[in-house]
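K.L.:
Would you mind keeping the following structure in view while I ask a few things?
The values are calculated or read from the model by the stated rules, or taken from the named source; none is laboratory data. All values derive from a computational prediction rather than experimental measurement. A quick note on method: Cβ atoms are made from the backbone with ideal geometry, for glycine too, and the neighbour counts reach across all protein chains shown.
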Amino acid sequence: MATVALEPSFQAERELLSTSRVGITDTTFRDAHQSLLATRMTTAQMVPVAARMNSIGFHSMEVWGGATFDACIRFLGEDPWERLKVLRRAMPDTRLQMLVRGQNLLGYHHYPDDIVRRFIRRSVASGIDIIRTFDALNDLRNMRSTIDAGKECGAHVQGTLVYTVSPIHDLEHYLSSARELAGFGIDSLCIKDMAGLLKPDAARSLVQGLRSVVGALPIQLHSHSLSGMASMSYWEAIQAGANVIDTAISPLAFGSSQPATETMVVVLKGTPYETGLDIDALVDVAEYFERIFRDAGNAPIRQTIIDTRVLSHQVPGGMITNLLAQLDQQRASHRLQEVLRELPKVRADFGYPPLVTPTSQIVGTQAVMNVLLGERYKILPEEVRSYLLGYYGRPPAPVCEHLLARVIAEGGVPITQRPADTLEPGWDRAKAESAPWATSEEDILIYALFPKVALNFLQQRHSKSEDKLTPVRLPGLQEVAHLVRGFVAAPNIEHFECESGKLKIRLSRT
Ligand code: CO
């Protein structure tokens, strides 16, 4: 058994480890709206309630990363870096957390190490305290650069293993991966159950097993409610020694999102695993979200609250929406069930990858094509070829040898090394190509991650800044009132300021 040097970077970790108190990571500003609102919550919707959330005493808040970066520039016309800085100022007492997909950062393919290093450094400089990093294949080599970069700039780095169910993914897979990950010097370990497949009894034995290999390293559990099991699994995991769980405020909880924060706070109250969070403050926050969704007319999408079919097809909620969109384009949405039956077969041919971005898209797209073209593997998309050849990392089990042989016969070159080792450094090129519109390192990073979308975004911003008469969208009076109420209710906050467009609001205590 590897020995793990434990140097928690924050006081809260020491407290957690010395008591059985359970920490809560609130996902409302990231995973919850990614799961229920197609990642469309705007910064203006977050800011009025941020001070109130800051006062609640969460272990951390997941506010950035995942799909939020892409959604900001692609759909919302918002600068994701600006959002992070605004939230940092609004929530000075809460540790802010981001999700990165290992070497994929916030995109869908691997980036060179120099881009990874700069991106992580800039994220921490802009306000991120905790970096949760994972790889879709649990190929630990793909997490190494993000871990090292995070450690270099003093962040708390949370190594993450994605949870799935397959003939390959037994307890030993997780324990040996966790042991190796702990040796990378991570500050905590997270189990990411993106489709809600982790059953309560499996949660218990998993956490017990992990505890025996990672020593005192904090263990966090992230799950989704779609199958209806997540809150039960949390309870079992907590009793087995998990230190932190991920939840979302009730209007943005359940369904394909996380269990509700209020539920878990009440469940744990009066037990040895007390969270210490103020339920009244949580109710205020819940009321805020109920009201803004009603006013803005963008209520969370819940096709069904519980869908146990997820246990057979394993497709996370967000991915079903993607599949439906792909089918819709071909006027074939009535063929979803066929695709859901085809998907596990494709997954087996591909060596049982866990289904999470980007493998969920790779497997999903192939399944859609297999069904619509009436012949399996008639066409192999470029991403599928790269995947089979090893450019996303090592699949959990060997891929179908006929498919691999065909891709090689058609000119593909398989690799066994870490995929990013095949990439040239990318910074200088991104800098040169984005020069006409990029005005900062942050702009260049937006371009490096999403070149096409970034050009559109940066050009539009450029033309806006030349048009001095562009009207400023003022926050609604209700939003301002809520902001002031939140400030008054949080006596530990001395000073608050936020910026939206060309408007700045400053609140200070006298
Ligand atoms: Co999630």
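K.L.:
Going through segment 39-68 one residue at a time, which ones are out of contact with any helix residue (DSSP H, G or I) (no Cβ under 7 Å at 6 or more places or on another chain) and either within 16 Å of the ligand (Cβ to nearest atom) or in a strand (DSSP E or B) (or both)?
P.N.:
Selection gives S60 alone.
K.L.:
Just for segment 120-130: of the residues that are buried (at least 23 other Cβ atoms within 10 Å of the Cβ) and in contact (Cβ under 8 Å) with a residue 40 or more places away in the chain, which one is farthest from W427 (Cα to Cα)?
P.N.:
Taking segment 120-130 and keeping what is buried (at least 23 other Cβ atoms within 10 Å of the Cβ), we get 120, 123, 128, 130.
From the residues that got through so far, the ones that are in contact (Cβ under 8 Å) with a residue 40 or more places away in the chain too are 123, 128, 130.
On the way: S123: 16, I128: 22, I130: 24 Å.
Looking at the filtered set, the residue picked out is I130.
K.L.:
Something else about it: For segment 244-303, what are the residues that are of a type in the set (G, A, S) and more than 23 Å from the chain's Cα centre (by Cα)?
P.N.:
As a first pass, look at segment 244-303 and keep what is of a type in the set (G, A, S): 248, 250, 253, 255-257, 260, 270, 276, 281, 286, 296-297, 299.
If the condition is that a residue be of a type in the set (G, A, S) and more than 23 Å from the chain's Cα centre (by Cα), then G270, G276, A281, A296, G297 are the ones that fit.
K.L.:
Would you be able to tell me the number of residues in segment 245-258 that are within 16 Å of the ligand (Cβ to nearest atom) and surrounded by fewer than 24 Cβ atoms within 10 Å (Cβ to Cβ)?
P.N.:
1
K.L.:
Using beta carbons and a limit of 7 Å, which pairs, at least six apart or on different chains, have the first residue in segment 200-224 and at positive phi and the second one outside any helix (DSSP H, G or I) and aliphatic (A, V, I, L, M)?
P.N.:
Listed pairs, sorted by first residue: G215/V4; G215/L6.
K.L.:
Let me ask something additional. Output the residue which, of all residues in segment 181-195 that are in contact (Cβ under 8 Å) with a residue 60 or more places away in the chain and of a type outside the set (A, V, I, L, M), is nearest to the ligand (Cβ to nearest atom).
P.N.:
Across segment 181-195, the extreme among qualifying residues is K192.
K.L.:
Taking the conditions exactly as written (farther than 28 Å from R309 by Cα, among the small types (G, A, S) and more than 16 Å from the ligand (Cβ to nearest atom)), does S176 satisfy them or not?
P.N.:
Criteria met by S176.
K.L.:
I need the strands (runs of 3 or more DSSP E) fully contained in segment 97-216, keeping only those with at least 1 residues that are under 22 Å from I446 (Cα atoms) and modelled with pLDDT of 95 or more.
P.N.:
130-133
K.L.:
V480: surrounded by fewer than 17 Cβ atoms within 10 Å (Cβ to Cβ), touching a Lys or Arg at 6+ places or on another chain (Cβ under 7 Å) and either at pLDDT below 95 or not in a loop (DSSP other than H, G, I, E, B) (or both), yes or no?
P.N.:
no
K.L.:
Ok, one more. For V162, which of the numbered conditions (1) touching a Leu at 6+ places or on another chain (Cβ under 6 Å); (2) in contact (Cβ under 8 Å) with a residue 60 or more places away in the chain; (3) among the β-branched types (V, I, T) fails to hold?
P.N.:
Answer for V162: the failing condition is (1).
K.L.:
Answer yes or no as to whether P112 is surrounded by 20 or more Cβ atoms within 10 Å (Cβ to Cβ) and touching a Pro at 6+ places or on another chain (Cβ under 8 Å).
P.N.:
yes
K.L.:
Applying the selection to segment 217-243, what residues are of a type in the set (A, V, I, L, M) and within 14 Å of the ligand (Cβ to nearest atom)?
P.N.:
L221, L226, A230 - these are the residues of segment 217-243 that are of a type in the set (A, V, I, L, M) and within 14 Å of the ligand (Cβ to nearest atom).
K.L.:
Got at least one residue in segment 61-79 being at positive phi and polar (S, T, N, Q)?
P.N.:
no
K.L.:
Which ones in segment 259-280 are among the hydroxyl-bearing types (S, T, Y), away from the ligand (no atom under 16 Å from the Cβ) and within 20 Å of V63 (Cβ to Cβ)?
P.N.:
Listed by number, the list holds a single entry, T275.
K.L.:
With the checklist (1) among the aliphatic types (A, V, I, L, M); (2) under 22 Å from V116 (Cα atoms); (3) exposed (fewer than 14 other Cβ atoms within 10 Å of the Cβ) in hand, flag the one item A405 doesn't pass.
P.N.:
(2)
K.L.:
If you don't mind, there's one more thing I want to ask. Just name the residue that is surrounded by the fewest Cβ atoms within 10 Å (Cβ to Cβ) out of those in segment 433-474 that are touching a Gly at 6+ places or on another chain (Cβ under 8 Å) and at pLDDT 90 or above.
P.N.:
Applying the filter and picking the extreme gives F450.
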